[in-house]
Amino acid sequence: SILAFLIILTPIVFIHELGHFIFARLFGVEVEKFSIGFGPVLFFFHDKNKTKWQIAAIPIGGFVKMKGELSVGESISSNCEIGSFQLANPFQRLLIVFGGPLFNFLLTIVLIAGIYLFFGKVEISNTINDIVENSPADTAGIIPGYKIISIHSTTQQQHSMGTMS
């Protein structure tokens, strides 16, 4: 079950971090690292923009490290270089931070659309298929083939099945 959890979680984390990555690159912020997982690095490579793409040993979560993000003990002035997160305007920084949740939302839409596309929409019929002997439905005289059109109830303890055809 842990393997199944990781098989489901890893693509979700990747899509989330990809949202941050794409918005950062869109606004000219340099991305230093794109990591799936934390801890010791198991595998990595550098792309043409010098981003280090890595997979780490603890595969729960991930991160995107951008140039100019504040680390503990750093000052804003030491991070204000061209291509840094700190030089992006506040709206761009907002979009970079919001990019991860936005991509998760878009992933949800794609997955739901895919489920409907490949499996269809589940529809529940209002036609009675079978009646259990001596059940309240049997006692009420309902027979297979009836269609339930509506269900009415009153404030008294009586209930009726409504119109049947």
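The values are calculated or read from the model by the stated rules, or taken from the named source; none is laboratory data. Not measured: the values here are computed from a predicted model. We place every Cβ from the backbone using ideal geometry, glycine too, and count neighbours over all the protein chains shown. When the accessible area is computed, the model is the full protein with side chains, heavy atoms only, and any ligands, DNA or RNA have been set aside. Shrake-Rupley method; radii C 1.70, N 1.55, O 1.52, S 1.80 Å.
For the chain, which span is the longest to avoid every loop-located (per DSSP) member of trypsin sites (Lys or Arg not before Pro) having at most 14 other Cβ atoms inside 10 Å?
The longest uninterrupted stretch comes out as 51-120.
With a 1.4 Å probe and all protein chains left in place, how much of the accessible area of the chain comes from carbon and sulfur atoms, in whole percent?
68
Over the chain, what lengths in whole Å, largest first, do the semi-axes of the equivalent ellipsoid take, defined as the square roots of 5 times the eigenvalues of the alpha-carbon gyration tensor?
The three semi-axes for the chain are 58, 19, 15 Å.
Determine the calculated [θ] at 222 nm for the chain from helices alone, applying -39500 (n - 2.57) to every DSSP H run no shorter than 4 residues and normalising by the residue count; nearest 500 deg cm²/dmol.
Value at 222 nm, helices only: -12500 deg cm²/dmol.
Apply the Karplus curve 6.51 cos²θ - 1.76 cosθ + 1.60, θ = phi - 60°, to the phi angles in region 128-137 and return the couplings in whole Hz, x for Gly and Pro.
6, 8, 8, 10, 7, 4, 6, 7, x, 5
Treating the beta-carbon of each Lys and Arg as +1 and of each Asp and Glu as -1, no other charges, what is the dipole magnitude of the chain about its Cα centre, to the nearest 20 debye?
That gives the chain a dipole magnitude of about 580 debye.
If the cut-off is a Cα-Cα distance under 30 Å, which lysines reach K67, setting aside same-chain residues fewer than 8 apart in sequence?
Result set, ordered by chain and number: K33, K48, K50, K52.
Ignoring GluC sites (Glu not before Pro) that are buried or in helix or strand per DSSP, and keeping those with at most 13 other beta carbon atoms within 10 Å, what is the longest stretch of the chain between them? Don't jump to the answer; show the numbers that get you there.
Details: sites that count: E74, E81, E123, E133.
It works out to 1-73.
Which residues' amide hydrogens lie under 5 Å from the amide hydrogen of E69, considering only partners 5 or more residues apart or on another chain, with H built in the peptide plane?
Amide H neighbours of E69, under 5 Å, 5+ apart: F85.
Amide H to amide H, which residues 5 or more places from Y146 or on other chains are under 5 Å from it, using H placed in the peptide plane?
Those lying under 5 Å, H to H, from Y146 are I128.
Just the number please: accessible area per residue for region 15-133, 1.4 Å probe, all protein chains included, in Å².
On a per-residue basis, region 15-133 sits at 67 Å².
On C-alpha positions alone, give me the angle between the axis of helix 2-26 and the longest principal axis of the chain, in degrees, nearest 10.
50
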